[in-house]
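Engineer: Have a look at the structure that comes next, please.
Laboratory data are not the source of any read-out in this text; all were calculated from the coordinates shown. Note that this is a predicted model, so its numbers are computed, not measured. All Cβ positions, glycine included, derive from the backbone under ideal geometry; neighbour counts span all protein chains shown.
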Amino acid sequence: MFYIFCPYCDERREEEEFHPSGQAHLVRPTDPESVSDEAWGDYLFFRDNPRGIHHEMWVHRLGCRKFFNITRDTTTYEILETYPMGEQPTITAETARVRREQGVQTADGGWQTVGAQPENSTLNEETSS
């Protein structure tokens, strides 16, 4: 189970209270009348589906009912940050790569453990039983 931080309620709640609403930061064409049918169709129907860092829009449907954005790693389901609508993300694919190089680890359920590093590299190795 995920616990998601709502930036408006200022608390972590169970994932069942939230609902994903698609890709974040989509820009609507300024003059839809002058856009080609192909470009309009691309805007309406096609979304990015990256492996790795992805910015998504979610709604706190059983709480404050406000929309907000989540930066999530689609390969690990790790939620890296949540932020209100209208703000820009602080974590991108490039900054996430830097975080991994610095040894930032994540605990179960999307709870972030910032700066946690093992005392030695053998703690990260799997042992055969």
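Engineer: Got a sec? How would VAL35, VAL27 order by Cβ neighbour count within 10 Å, fewest to most?
Structural biologist: Working: VAL35 15, VAL27 6.
With the sparsest Cβ surroundings first, the list reads VAL27, VAL35.
Engineer: Using the Karplus equation 6.51 cos²θ - 1.76 cosθ + 1.60 (θ = phi - 60°), what ³J(HN,Hα) coupling, rounded to whole Hz, does each residue of the range 46-53 give in order, writing x for Gly and Pro?
Structural biologist: Coupling constants for the range 46-53: 9, 10, 5, 9, x, 8, x, 6 Hz.
Engineer: What ranking do HIS19, HIS54 get, fewest neighbouring Cβ atoms within 10 angstrom at the top?
Structural biologist: HIS19, HIS54
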